[in-house]
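Heads up: the structure comes next, in structure tokens.
The values are calculated or read from the model by the stated rules, or taken from the named source; none is laboratory data. The structure presented is a predicted model; accordingly, all values stated were derived computationally and were not measured. No Cβ is skipped: glycine too gets one built from the backbone with ideal geometry, and neighbour counts run over all protein chains shown. Note: accessible area is taken over every heavy atom of the protein model, side chains too, but ligands, DNA and RNA are not part of it. Shrake-Rupley method; radii C 1.70, N 1.55, O 1.52, S 1.80 Å.
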Amino acid sequence: MKAIILSGGKGTRLRPLTYTGAKQLVPVANKPILWYGIESIVAAGVTDIGIIISPETGEEVKAKTGNGDRFGANITYILQDKPAGLAHAVKVARPFLGDSPFVMYLGDNLIQNELGGFLTQFKESQIDALILLRPVPNPTSFGVAQIDDQGRVIKLVEKPKVPPSNLALVGIYFFAPTIQDAIDRIQPSPRGELEITDAIQNLINHQQQVEARQIEGWWLDTGKKDDLLEANQIVLDTCLQPNILGEVDATSQISGRVQIGVRSKLINCTVRGPVIIGEDCHLENCFIGPYSSVDNQVTLIEADLEHSVILRGASIVGIHQRIVDSVIGQRAQLKVAPKRPKALRFMIGDDSQIELA
């Protein structure tokens, strides 16, 4: 059994952050989104993983993620030279996949459920495809499945105007090698891409077995700022373990579940968890409220922060008004000018420098 993780795409909904980096490397609770998928796949017992990368961000993904040693996996990088669809990505991965069954995982997804049980069901059933579904309130925004009483998939529709159900495709699929033949039989969609939904529908049309299972835990698509902040909140709520490795002075107050990395220093700060603060950070005269993630090498001085994500190397100095619901990019600098507005709400890209007047 092998796996492929899709880590291409332009990440247009997360701009300006993704002008300078891959959307799958944006951190949730100080861990790149992509790494959650790798860890989930390895936990299910699959260690031979291909990561589909794009020319624009592939080198960054390779440099950050490495050869898989840290995950107990063997990672192969596969270049998809143009964004021509999910089924096209499978086609590009054929030399890596060979005749092996495989898991396909969209790299900007996060799910709470473990994959091991689904993988076992797929192997034991000896079917051609197993797709994961989740009820959603807005099925017109997703690929949607219609299933029968036995869990067999009857029909798939991509972003239907009149949805046949409220069951959205989660973005994690289990395939037998027969999916490759189905991909060869389909044509590009009106948007010019080879759609994986069309390939799965082709399996169904050829009387091959496609089944579905519903996930029960949370499913998070991190494609937009608010989605990213929601994912950060949920992961901190459900996964954060308190662990203070940095230096906290006597005037600082820590409450709730808080994690502080090595060599970080807090001076006269109040931190109310769940909060994660990375390594080599300097915080002074700050309030850090719940659901905040502060990445490595961040400087915060006289900052008031809540429900926000601060990326590596950012600096926020002298902002006396509360910053909420914000994503601050890598190495961004945020400082105050003599006059300040009454409210602040930001999404700031990497390497930015901002003065507030």
- [ ] Check whether at least one residue in region 175-185 is in a strand (DSSP E or B) and among the aromatic types (F, W, Y), and report yes or no.
- [x] yes
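This table checks each residue for (1) among the small types (G, A, S); (2) out of contact with any Lys or Arg (no Cβ under 9 Å at 6 or more places or on another chain); (3) at pLDDT 90 or above.
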| position | (1), (2), (3) |
| --- | --- |
| Q150 | no, yes, no |
| V153 | no, yes, no |
| P164 | no, no, no |
| L167 | no, no, yes |
| T178 | no, yes, yes |
| A182 | yes, yes, yes |
| R191 | no, yes, no |
| L194 | no, no, yes |
| I200 | no, yes, yes |
TODO: Identify all residues within region 230-252 that are touching a strand residue (DSSP E or B) at 6+ places or on another chain (Cβ under 7 Å) and among the hydrophobic types (A, V, I, L, M, F, W, C); write none if there are none.
DONE: A231, I234, V235, L236, L240, I244, L245, V248
TODO: Please tell me if V324 is more than 21 Å from D280 (Cβ to Cβ) and either buried (at least 18 other Cβ atoms within 10 Å of the Cβ) or β-branched (V, I, T) (or both).
DONE: yes
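So which of L236, L220, L228 is at pLDDT 90 or above and under 17 Å from the mean Cα position of the chain (by Cα)?
Of L236, L220, L228, the one residue that is at pLDDT 90 or above and under 17 Å from the mean Cα position of the chain (by Cα) is L236.
I111 - would you say it is surrounded by 17 or more Cβ atoms within 10 Å (Cβ to Cβ), out of contact with any His (no Cβ under 6 Å at 6 or more places or on another chain) and closer than 16 Å to E216 by Cβ? Before the answer, list the steps.
Values: surrounded by 17 or more Cβ atoms within 10 Å (Cβ to Cβ): yes; out of contact with any His (no Cβ under 6 Å at 6 or more places or on another chain): yes; closer than 16 Å to E216 by Cβ: yes.
Answer is yes for this residue.
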TODO: Would you confirm whether any residue within region 174-196 is farther than 21 Å from I52 by Cα and surrounded by 19 or more Cβ atoms within 10 Å (Cβ to Cβ)?
DONE: no
Task: Hits in region 33-78 (condition: open to solvent by 30 Å² or more (accessible area, probe 1.4 Å), under 18 Å from G98 (Cβ atoms) and of a type outside the set (F, W, Y)) - done: T47, D48, N74, T76
Open item on the list: Looking only at residues that are part of a loop (DSSP other than H, G, I, E, B) and over 13 Å from Q253 (Cα atoms) in region 281-299, which one is most open to solvent (accessible area, probe 1.4 Å)?
Closed with: Q297
TODO: Could you tell me whether any residue of region 153-165 is buried (at least 21 other Cβ atoms within 10 Å of the Cβ) and not in a helix (DSSP H, G or I)?
DONE: yes
- [ ] Considering every residue within region 129-137, establish whether at least one is at pLDDT below 90, touching a Ser or Thr at 6+ places or on another chain (Cβ under 9 Å) and outside any strand (DSSP E or B).
- [x] no
